[in-house]
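The values are calculated or read from the model by the stated rules, or taken from the named source; none is laboratory data. Values in this document were obtained by computation on a predicted structure and should not be read as measured data. Glycine also receives a Cβ, built like all others from the backbone with ideal geometry; neighbour counts cover every protein chain displayed. Heavy atoms of the whole protein, side chains included, go into the accessibility calculation; ligands, DNA and RNA do not. Shrake-Rupley method; radii C 1.70, N 1.55, O 1.52, S 1.80 Å.
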Amino acid sequence: MKKALAALTAAVMTVSSLGGFGVLAASESWQSDDDMTKLLSELNIMNGDENGDFKLDSYVTRAEMTKIAVASSSYKNTVAVGLPFSPFSDVKSSYWGAPYIQAGVSAGIVEGYIDGTFDPNGTVTYEQAITMMLKVLGYTNDDFGASYPYGQVGMAQNLEMTSGINAAIGDPLTRRDVARLVCNTLDTSMKDSTADLISVHNCEIVDDVTIVASQEEDSSLTATEISTSNGKYTIDETFDMDYVGSTGDMVIKDGKYLIAFSPDEDTLSQKYVIYSTLNNAILCYEEGNNTNMHQLEISASTPCYMGSTAYTYSQLSASMEMGDTIRVRYKSNGDIDYINYSEGTVEGPIKVSTSSWMNSFDTDSSTKIVREGNIVDESDIQVNDIIYYSEDLNMILAYTTKVTGVYESASPSKDMPNSVTISGVTYEVEGVEAFNDLSSSGSFNFGDTITVLIGRDGEKIAGVVTAEAAATGTQVGYAISSGRSTFNNSDGTTYTSYYIEIVTADGTTYTYPTEYDQSSSVGNVIRAQLKDGYATVGRVNNTSLSGYVSYENMKIGTRSVSKDVKILDVASEYNESAVLYTRTFMQRIDGLDLTESQVVYYDTDSNGEISELILRNVTGDMYSYGVVTSRSSSNTGNSTIVDLDSVVYTTTNNYSVSLGDGVRAGIDGGAITSLSRLRSYTGSMTDLTQSYAEINYNKYRLSDKVVVYEKRDISSYSEISINDVINGDYDCTFYYDKEESQGGRIRVIIAEAN
């Protein structure tokens, strides 16, 4: 760790800027006056005046240097202040420095001149100070040779005691120079020992330690404690809490007091507020800046600290919510080293019931209002919206999802409705208001048709109103299944009824009791009118909509599209016996020319803009993609084994595919319902990125879920990442489902190492 102690910062380090991140740079930190004086003051080696001023530009006398050297050494407790010592003719017993000079002489740290004088008020020179500190380490004149002062200076330089000191033989030293020399020496091994000098102060230097949490991140800690990857330590009020999340070197005194810390010079840190999390990324804003969103790419195995406990990102990502905070520690190359995660302070949920809803939170003119992902004005918030306020983001977040259905059951009971089932879908309950409304003391009973208001995570009920109050008693969606099932009455008894299951444009599925068999409705858009616990079902005819899709202009043909439009893409398998579906977005269908036959349904909002859209097999994203790894045919039947994104399926149906083909598969109920061969691009790959492949200088888009396999032999395929191919040496075959102009993408890449 040479010279780690020279770089050790007291807990008052200032934050500078480098590369756009808040930085604690060890390569600069040790030159800070506060850094050095804090540590030396903690060890009682150097101190300031009554005002705390260390006067670092002042020159150091020989007497002052002697006191500093003795205070640095194992002889620090041998100074006999008050005794009548007069060690030299020019050092009287009444002189303040006499006891220190006497102790230094006795310890062999200092010597006088040949004429019997010491010159205590003379300015100490570079070589004199070095010689004293070498003797503090236990070296003697016999170790230096006869060529004073070159032997002493050479040894000090070899021991790196003079790092950062701009002085030469004969130069006087300032208090700043001496402070740096002492810090360097404290991190130097004593003669014939593996122990550093700092050990004589009951201190040790611990390398590569992460400051994990303070009381703010871990409530089990006190205000004077800090948790590290090396254990828990006591700190004082001057400790800089910006160090939380940093890795570096620390000085520990008496085994329990953290008195100094220096972050690694190759790490950068930044604090963010989470907006959303993805499987391999965090969407967030920099703390104090809710204008520009960042996407932080992060692997599942990235170390992630919560409180004082270490996890991985994959273990904690599901717990991360909007408004939570993370401190990201970067390596010098920009890669994420690790993160520290803390729960944020988000107020809500609150159900909007009046126009004065803004008074619910302590906001100001800079507060951003976001409704379903779009920045809006205060007047755009509507009754029955669910709102939250994130203080860290200074942002109000409004959500509009409403679900109308039959209140079927509550768990563990209606007295304690922690979760409830609405038309076959189970939701957790969030917030006191929704809990009370759905409990035994509320006004809603099993069997009632109600509208629940969904909160920020898209899964929990944050409010409840009657279907009439929500101005809706209907639900339009694509029918995906039907049959018979058991439902609950309000008195706790059960009944058996036909049902219809639909998926709405936002990708949510609902199950409604019906009086009649609705199997003929599967594979069609239907409108379910709820009344008295049953749904009356009617088909919605295909509406006339076609045209070019422009995400930039938010238009389909000449029709305007709402900014928060909900889009579903469906595909039917085997005459609607299995229906596949996926939610999609305007960006995904941007540039396509939709035909009327591809638009199954659309609806408009009060502004006449398209707010819901159901498409038929436009994107192909509802299918699974992979490679055939085994294909056999015999008198006893056929067998095809397919790897679909590392999930292996076996089918005995006789599909027209061959071993090694890139394939598209329909999956329903854990079984393959369809399997077809993909087409492949021919030619030489001239470039490959995360988003496209360039083949014969033509660019083709990759699916955002492209599956990449390394082919070992004709039947051995191992899934690898796209980065492995980009950074490796492979010949590739690119399989796609349909032309890009029709919504197709490259779905499978087979890579063979050269």
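Data for the structure
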| quantity | calculated |
| --- | --- |
| Relative counts (whole %) of C-alpha pair distances in region 354-498, using bins that are 10 Å wide | 11, 37, 31, 16, 5, 0 |
| Amide proton proximity set for Tyr338, modelled H, under 5 Å, gap of 5+ | Arg329 |
| Charge dipole (debye, nearest 20) of region 26-167; +1 at Cβ of Lys and Arg, -1 at Cβ of Asp and Glu | 460 |
| Accessible area of Thr504 in the full protein assembly, 1.4 Å probe (Å², nearest 10) | 10 |
| Orientation-averaged projected area, Cα convex hull of region 525-571 (nm²) | 5.0 |
| Net charge of neighbours whose Cβ lies under 13 Å from the Cβ of Asp364, counting Lys and Arg as +1 and Asp and Glu as -1 | -2 |
| Descending semi-axes in whole angstrom, ellipsoid equivalent of the chain, from the Cα gyration tensor | 71, 33, 22 |
| Check: the chain dipole with +1 on Lys, Arg Cβ and -1 on Asp, Glu Cβ, in debye | 1360 |
| Under the span-like rule (Cα at least 27 Å along the axis, Kyte-Doolittle mean at least 0.5), DSSP H helices of the chain | none |
| Sorted peptide list for 52-61, 391-400, criterion being average Cβ within 10 angstrom, highest first | 391-400, 52-61 |
| From phi via Karplus (6.51, -1.76, 1.60), per-residue ³J(HN,Hα) for region 311-316 in Hz, x at Gly/Pro | 10, 10, 4, 5, 6, 10 |
| Ratio Rg/Rh [Cα only; Rh per Kirkwood] for region 496-561 | 1.13 |
| At R0 = 56 Å, FRET efficiency that the Cβ-Cβ distance of Asp236 and Ile169 yields, to 0.05 | 0.90 |
| Value of relative contact order over the chain, rounded to a whole percent, pairs C-alpha under 8 Å and six or more apart | 6 |
| Solvent-accessible area per residue for the chain (1.4 angstrom probe, square angstrom) | 45 |
| Point-to-point label distance, Glu347-Thr222, nm (Cα→Cβ direction, 7 Å offset) | 3.3 |
| In Hz, Karplus ³J(HN,Hα) per residue of region 709-715 (6.51, -1.76, 1.60; θ = phi - 60°; x = Gly, Pro) | 10, 8, 8, 8, 8, 4, 10 |
| Sequence-distant residues sharing a close amide H with Val618 (under 5 Å, placed H) | Val570 |
| Cβ crowding within 10 Å averaged over residues, with 606-615, 75-84 ranked highest first | 606-615, 75-84 |
| The chain, accessible surface, carbon-and-sulfur percent (1.4 angstrom probe) | 42 |
| Mean Cβ neighbour count within 10 Å, used as a protection proxy, ranking 616-625, 292-301 highest first | 616-625, 292-301 |
| Cβ-based charge dipole, the chain, positive-most Cα from Ser521, Thr185, Leu613 | Ser521 |
| FRET efficiency, 1/(1 + (r/R0)^6) with R0 51 Å, evaluated for Ser41 and Met554 via beta carbons | 0.20 |
| Cα-based shape type of region 591-711, given that a ≥ b ≥ c are square roots of the gyration tensor eigenvalues and the cut on a/c is 1.5 | oblate |
| Relative pair counts by distance (%), Cα atoms of region 230-277, 10 Å bins | 21, 47, 23, 8, 1 |
| Mean residue ellipticity (222 nm) of the chain, computed from DSSP H runs ≥ 4 via -39,500 (n - 2.57), nearest 500 | -3000 deg cm²/dmol |
| Simple spin-label estimate for Ala300 and Thr652 in nanometres, 7 Å along Cα-Cβ | 3.3 |
| Asn698 paired with Ser633, simple spin-label distance in nm, labels 7 Å along Cα-to-beta-carbon | 3.2 |
| Under the Karplus curve 6.51 cos²θ - 1.76 cosθ + 1.60, θ = phi - 60°, whole-Hz ³J(HN,Hα) for region 638-643, x wherever Gly or Pro sits | 9, 8, 10, 10, 10, 9 |
| Nonlocal amide H pairs with Met46, under 5 Å, H built at 1.01 Å | Ser41 |
| Distance cut-off 27 Å, percentage of C-alpha pairs in region 488-645 lying past it | 40 |
| Candidate lysines for bridging to Lys368, where Cα separation is under 27 Å - those fewer than 8 sequence places away on the same chain excluded | Lys271, Lys351, Lys402, Lys460, Lys555, Lys563, Lys566 |
| Qualifying aspartates and glutamates (Cα of each under 18 Å from Cα of Lys711; at least 8 residues distant if same chain) | Asp643, Asp645, Asp661, Glu719, Asp724, Asp729, Asp731, Glu752 |
| Selection from Ser497, Asn723, Thr363 lying farthest towards where the dipole of the chain points positive, charges on Cβ | Ser497 |
| Accessible area of Met320 in the full protein assembly, 1.4 Å probe (Å², nearest 10) | 10 |
| Residue (of Ile480, Gly507, Asn384) at the positive-pole extreme of the chain, dipole from beta-carbon charges | Ile480 |
| Prolate/oblate/rounded call for region 43-137, Cα gyration tensor, a/c under 1.5 rounded | rounded |
| Proximal lysines relative to Lys135, as straight alpha-carbon distance under 18 Å, when same-chain residues fewer than 8 apart are discounted | Lys67, Lys76, Lys191 |
| Cβ-placed point charges (K, R +1; D, E -1), dipole of region 688-746 about Cα centre in debye, nearest 20 | 180 |
